[in-house]
Amino acid sequence: TYRRAIYRNNHAGDLTGALSLAFPVVEKLVGKDFFQSVAGRFARETPPKLADLSFYGAGFPAYLKIESGLRDFPYIPEVAALEWALNEAYYAPDAKPLAAEDLAGIAPQSYGDMIFLRHPSLRLVQSDFAIDRIWSAVKAEDEAALKGLDPVGPTFILLNREGFGVNIV
């Protein structure tokens, strides 16, 4: 019916909008129209599992790897993986980082019993491409840096959230 079609179109628009918010650099790299087309197909084929759209899009980087229009640009799905890791780090649960003074009162004979857990926001992104430099140049809208950029990696990026920002190392 007509009302169901309106709901379906609004729902698909919400999902592509969520993907646009999670992958802004990818959208700039491929162009708005191409991004909307691919994101629309992804949204139709991959409905969200949670009501919170902040967590929607985990499979989008893998989806981009099989997108025929991106065969000549294999770094784009890798940039998407970086953006998803940034999203995950940003929305990770809060946890107090361990400080050196927290360890001061522990007896040396207990060191072997200690177990350290990584901070929930910590992410390591590895790529065969220079996705950190590509992401930074696109984010800064630095066309000169992007044109002169060799996209070949390898690249290892460490992400963690402090306060309301995500650090990229």
Note to self: Given the criteria open to solvent by 40 Å² or more (accessible area, probe 1.4 Å), more than 17 Å from P120 (Cα to Cα) and in contact with a helix residue (DSSP H, G or I) (Cβ under 7 Å, 6 or more places away or on another chain), does R44 qualify?
What the structure shows: yes
Next item on the list: Could you look through region 86-134, keep only residues that are without any contact (Cβ under 8 Å) to a residue 12 or more places away in the chain and surrounded by 10 or more Cβ atoms within 10 Å (Cβ to Cβ), and pick out the one that is nearest to V169 (Cα to Cα)?
Entry: R118
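Residues are listed down the side, and each one gets a yes or a no for (1) within 17 Å of A81 (Cβ to Cβ); (2) at pLDDT below 95; (3) part of a loop (DSSP other than H, G, I, E, B):
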position: L29; (1), (2), (3): yes, yes, no
position: F34; (1), (2), (3): no, no, no
position: V38; (1), (2), (3): yes, no, no
position: P47; (1), (2), (3): no, yes, yes
Notebook entry, point to check: What are the pairs, 6+ residues apart or on separate chains, where a residue within region 14-29 that is farther than 18 Å from A137 by Cα has its Cβ under 7 Å from a residue that is of a type in the set (S, T, N, Q)?
Noted result: T16/Q36
Check: If you take the residues of region 142-165 that are farther than 18 Å from Y75 by Cβ and in a loop (DSSP other than H, G, I, E, B), which of them is least open to solvent (accessible area, probe 1.4 Å)?
Finding: G163
Item checked: Members of region 28-40 found to be closer than 13 Å to L70 by Cβ and open to solvent by 10 Å² or more (accessible area, probe 1.4 Å), listed by number -> L29, V30, G31, F34, S37
Notebook entry, point to check: Regarding A51, is this residue closer than 22 Å to I168 by Cβ, outside any helix (DSSP H, G or I) and modelled with pLDDT under 95?
Noted result: no
Margin query: Quick check on V138: is it touching a residue at least 24 places away in the same chain (Cβ under 8 Å), over 16 Å from A85 (Cα atoms) and not aromatic (F, W, Y)?
Written below: yes
Item checked: Options L70, L82: the member that is modelled with pLDDT of 95 or more, within 30 Å of G40 (Cβ to Cβ) and open to solvent by less than 40 Å² (accessible area, probe 1.4 Å) -> L82
Notebook entry, point to check: Based on what the data block shows, is I106 among the β-branched types (V, I, T) and over 23 Å from P24 (Cβ atoms)?
Noted result: yes
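Here is a yes/no grid of residues against (1) in a helix (DSSP H, G or I); (2) within 10 Å of the chain's Cα centre (by Cα); (3) under 13 Å from R161 (Cβ atoms):
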{"residue": "Y63", "(1), (2), (3)": "yes, no, no"}
{"residue": "G69", "(1), (2), (3)": "yes, no, no"}
{"residue": "F73", "(1), (2), (3)": "no, no, no"}
{"residue": "I76", "(1), (2), (3)": "yes, no, no"}
{"residue": "V79", "(1), (2), (3)": "yes, yes, no"}
{"residue": "A89", "(1), (2), (3)": "yes, yes, yes"}
{"residue": "D94", "(1), (2), (3)": "no, no, yes"}
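The values are calculated or read from the model by the stated rules, or taken from the named source; none is laboratory data. Since this is a predicted model, take the numbers as computed values, not measurements. Quick reminder, even Gly has a Cβ in these numbers, built from the backbone with ideal geometry, and neighbours come from all protein chains shown. For accessibility, only protein heavy atoms count, side chains too; no ligands or nucleic acids. Shrake-Rupley method; radii C 1.70, N 1.55, O 1.52, S 1.80 Å.
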